[in-house]
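The values are calculated or read from the model by the stated rules, or taken from the named source; none is laboratory data. The model shown is predicted, which means the values in this text are computed figures rather than measured ones. All Cβ positions, glycine included, derive from the backbone under ideal geometry; neighbour counts span all protein chains shown. In case anyone asks, the SASA skips ligands and DNA or RNA and just uses the protein heavy atoms, side chains included. Shrake-Rupley method; radii C 1.70, N 1.55, O 1.52, S 1.80 Å.
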Amino acid sequence: MSSDPELTLEITGAALVADGVRSLRLARGDRAALPGWEPGAHLEFDLPNGQIRHYSLCNETTDANSYEVAVLLAPESRGGSEYIHNDLQVGDLVTVRGPRNNFPFAIGSRERALFIAGGIGITPILPMIRRAHAEGIEWSLVYGGRSRESMAYLEQLQHFGSRVQIVPQDELGHIDLQTLLGVPQPDTKVFCCGPSGLLDAVQQLCRTWPDGTLHLERFAAGSLDASVQADAGTFTVVAERSGVTCEVGVGESITDALGRAGIIVPTSCREGICGTCETKVIAGIPDHRDFLLGDADRESGATMLICVSRAKTPELILDV
Amino acid sequence: MNTSLPPAPLTKSELDIVLEERLSDARTLPADAYLSQEILDWERKNLLEAAWVCVGRSSDVAKAGDQKAVRVGTQGVLLTRDESGDLHAFYNACRHRGHELLAVGQCANKKLVQCPYHAWVFGLNGELRSATQFMDTENFNKEEWPLIEVRSVEWFGWIFINASGDAPEFSEWVGNLTEVVAPWDPTDMVIGESHSYTLKTNWKTVIENYLECYHCPSIHPELCRVAPPESAMGLHQTGMWLGGGLEFRDDADTNSLDGRSGGDRIAGISDEQARWTLYFMLAPNLLLTLQPDYVMTHRLVPLSPGETWVECTWYFPREVAERPGFDPSFAADFWDITNKQDFAACESVYQGMLTDGYRPGPFDEREDGVRAFQAQLATAYLTGRWEKPLQISLGASHVV
C-alpha cells in the first residue's frame, strides 16, 4: 500500500514522560542517518499483533540519527498503545514506514502561528514550535490536558515563557476557545492537534476565519489514541451499479474488497495520491485518507479515493 | 525576435506612416493588421507572450490547492496557489507525455496537480511527487521532472503572466502606474459584478476605442451627462501604459445613470482625485478605469482576427460590497449601456475594414492616444519588440 521505504529500527530509549505517556527513541542498528523529516511528520508502525499505527515525530528535525515518538496509553486501547506501553523494550526491533507528513507546518514568514494542542496532540506541535522559534516566526501555544501530570513535555515548553499557556483541566477547566478564536486574527494560521472534541470545536470557530487558516491533524474519531488507525474497523460497501454488497475488512482497502467481489476498479498508485480510483459516493460519509482531494471536495464527501479512504458510517454506497 | 521585416502581409511603408513625427502627417494602421490571421498569430507570439498579460484576479486562485488553466498568446498556463499562499504558474503540460494538466478555462481545488493521462502527480509548487509505477526504472530521478515555471506576478489583486520569460521586470513594465493606482488600492476589493461579451471585431479596435473620447458626443449620451468629453487630459506615464482622465460635471459624483453613487468614496483618494475618472490601457490587454467609488476593468482575449472576448468587471471595497442590500447595478448598468455603445462601434469599424474601400485615415489631436498605441504596434511589427508609448495629451493643453 505504501511506497515509503520500510525501516527496521531498534528501540534505543524509552521513558515515561507523563502519566500514561511513554516516549520511545528509535535508531538504525548501526546508528546511521535516518531519512529526514519536517515538522508534522509521522511514522507508520507495524505492530506484532498485525495492527498499523501512526505516531507523530516529536524530537528535533536536526537529530539525524534518531526518531522520537510519544504514545498515550489509551483507556480503551485497541491494543496498539497497550503493546507499546507494556511489551516493547529497549533493544527490541520494530518495523516502520515513513516519515510521512499530512500536517505540514505551512506558514508565510510574515504570518503568526497559533498552536492549539490537546493532550498527546502536543507531539506534532513540538517540532513546529522549534521551527517557528528558529525562523523568528511569531507564535503562541495553548496546551490543554486533563492534569499537569498527564501533560507531556511541560518542562521543555516552560522555557518559552509567556508564549505558552498551559491549561490543565483540573485547575482551569477547558481551553477558552471562544476568547482565543472568536474574533478572526489577520495573518494568522492555526495549527491544532488533539482529541476530536477539541478539533470539532476549533473547526467550528474557525469557520469565520479566512479560508486556509486552519491546519489540523485528526486522531481517529472518538478516540484518545494518537494512532490514526488507518486500517481499523470493518464496514460495508454497496456497489450500486453492479448490484454487489461486500464487507471491507480490517487492513483491507475498498478496492481490494471490491476486487474479491469481482468488481475491478482501475487503480494506479494505490496510496491515495494519483486520483485514478476517484469514485462517486452516493450515500454514506467517507473517511478521507488520501493526499489529493481539496478541502471542499473532502467536506462535500461527493467523491473519494477508494484505494486508501475508508468510511465514517457503517455503510458506503458507491457509484461503481 | 528582432527583425527588420514586418510580419507579412504588412509593409514597412504602411507602418512608417503610423510613426510620422507630426500627428497630422500620421495615418492609421492598414486593414490587414486587423483582418489577417497571420498577423494575429504573430501578435500572439510576439506581442502577447512577450508582454505581461493579465489573466485574471488573484481571487480566481484564492485558496491553497486552487488551480486554474488559462491561455496566454498561444501558450497554456496552469496557475496554482500553494499552502503558503504563494502563486505559481507553469506551462500547462505534463513532463511525461505533455497532456494538459487541466483544460484551459477549467478550475480545480486539489492538494496536488494531477495529470489525467497517466496519473502523474505534482506538488502545488511544481515538483514531481509521484510518477505512478514509473519509479522502479533505473536512472529515474523525480527531482529532474518538475513542471516548468512561467513568470507570474500579482499586482493590486490581478495576476499577470510573462510567457516568453524575457519581458522587462514587471515593475518596469507598469512604471509609475503603481503610484497612480495606489490611492485606490484595489488589492482587497471584491467583485460586485462581472459581464463578458464576445465581440465581432479585432482586439485592437476595442483598445483604440477606449483611448479616445472624440466619439463620446456621438454615441455616449449617458456618459456625456456626467462627464464632458472636452475635459479629457493625458497622464504622464513611464511604463507600458497610456492613460487619461475625464472630469465630472459639478452635479455628478460618479459614473452612473443619475450621477449618484450607490457605494462609498474610496478611502485613500483625495478630493481632487474624486472629481475625475481615470482611464488606463496597460499593454497588452487590460483596460483599468478608476472612479471615485469603484474600479472597473476590461480584460481582452483575442479569439480570432475578427473575434474578441471581453470580460468587464466592477470592484468595490469589501466593506461596501458586503453591506446588506448593496447593489452594484448603479455602476454596472451605466457601463453595460456604454459598453454596448462602444462595442457596436468597434464591430461596425471592423465591418468597414472588411470593405475594399478602407484606407488608413488621419488622427485628430484628441486621438493621440490611439496614435500612440498604433505607433507601439507599428514599432513592434518592425522591430519585434515592445517599446514604451509616446506621451499623449488627448487634445488637452497640458499633461498631468
Legend entry - So A:THR95, is it more than 14 Å from chain B (Cβ to nearest Cβ), open to solvent by 10 Å² or more (accessible area, probe 1.4 Å) and out of contact with any Lys or Arg (no Cβ under 7 Å at 6 or more places or on another chain): yes
Inset, instruction - List the number of the failed condition for B:ARG260; all other conditions in (1) surrounded by 18 or more Cβ atoms within 10 Å (Cβ to Cβ); (2) outside any strand (DSSP E or B) hold. - result: (1)
Legend entry - Residue within segment B:173-181 that is open to solvent by less than 30 Å² (accessible area, probe 1.4 Å), touching a residue at least 40 places away in the same chain (Cβ under 8 Å) and either of a type in the set (S, T, N, Q) or not in a helix (DSSP H, G or I) (or both) present: yes
Inset, instruction - Out of the residues in segment B:87-117 that are without any contact (Cβ under 8 Å) to a residue 24 or more places away in the chain and not hydrophobic (A, V, I, L, M, F, W, C), state the one that is nearest to A:CYS274 (Cα to Cα). - result: B:GLN114
Legend entry - Residue count for segment A:167-198, restricted to those that are under 22 Å from A:SER23 (Cα atoms) and either among the aromatic types (Phe, Trp, Tyr) or open to solvent by 30 Å² or more (accessible area, probe 1.4 Å) (or both): 1
Inset, instruction - Please enumerate the residues belonging to segment A:274-295 that are open to solvent by 20 Å² or more (accessible area, probe 1.4 Å), at the interface with chain B (Cβ under 8 Å from one of its Cβ atoms) and closer than 18 Å to A:ASN102 by Cβ. - result: A:PHE291, A:ASP295
Inset, instruction - Could you grab me the full set of residues in segment A:255-288 that are in contact with a Gly (Cβ under 9 Å, 6 or more places away or on another chain) and modelled with pLDDT under 90? - result: A:SER268, A:CYS269
Inset, instruction - Consider B:PHE330 carefully, then state whether it is in a helix (DSSP H, G or I) and under 27 Å from B:GLU49 (Cα atoms). - result: no
Legend entry - Every residue from segment A:296-320 that is away from chain B (no Cβ under 11 Å), surrounded by fewer than 18 Cβ atoms within 10 Å (Cβ to Cβ) and of a type in the set (A, V, I, L, M): A:ALA302, A:ILE317
Legend entry - Qualifying positions in segment B:324-364 - small (Gly, Ala, Ser) and surrounded by 12 or more Cβ atoms within 10 Å (Cβ to Cβ): B:SER329, B:ALA331, B:ALA332, B:ALA344, B:ALA345, B:SER348
Inset, instruction - Kindly indicate which of A:ILE137, A:ILE107 is within 14 Å of another protein chain (Cβ to nearest Cβ), among the aliphatic types (A, V, I, L, M) and surrounded by fewer than 23 Cβ atoms within 10 Å (Cβ to Cβ). - result: A:ILE137
Inset, instruction - Confirm whether B:ALA131 is within 14 Å of another protein chain (Cβ to nearest Cβ), at negative phi and modelled with pLDDT under 95. - result: yes
Inset, instruction - Among the residues of segment A:260-273, write down those that are more than 14 Å from every other protein chain (Cβ to nearest Cβ) and either of a type in the set (Phe, Trp, Tyr) or open to solvent by 30 Å² or more (accessible area, probe 1.4 Å) (or both). - result: A:ARG260, A:ALA261, A:GLY262, A:ILE264
Inset, instruction - Scan segment B:311-327 residue by residue and report those that are outside any strand (DSSP E or B) and not acidic (Asp, Glu). - result: B:PRO317, B:ARG318, B:VAL320, B:ALA321, B:ARG323, B:PRO324, B:GLY325, B:PHE326
Inset, instruction - Determine, yes or no, whether B:THR355 is among the hydroxyl-bearing types (Ser, Thr, Tyr) and part of a loop (DSSP other than H, G, I, E, B). - result: yes
Legend entry - Spans of strands (runs of 3 or more DSSP E) in segment A:249-320 with at least 1 residues out of contact with any Leu (no Cβ under 8 Å at 6 or more places or on another chain) and in contact (Cβ under 8 Å) with a residue 12 or more places away in the chain: A:315-318
Inset, instruction - Residues that are more than 24 Å from A:PRO35 (Cβ to Cβ): find the helices (runs of 4 or more DSSP H) completely inside segment A:83-173 holding 2 or more of those. - result: A:154-158, A:169-172
Legend entry - Number of the condition not met by A:LEU16 [criteria: (1) among the hydrophobic types (A, V, I, L, M, F, W, C); (2) free of Cβ contacts under 8 Å to residues at least 60 places away in the same chain; (3) out of contact with any strand residue (DSSP E or B) (no Cβ under 7 Å at 6 or more places or on another chain)]: (3)
Legend entry - strands (runs of 3 or more DSSP E) within segment B:55-145 that include 1 or more residues surrounded by 18 or more Cβ atoms within 10 Å (Cβ to Cβ) and under 22 Å from the mean Cα position of the chain (by Cα): B:66-72, B:75-81, B:87-91
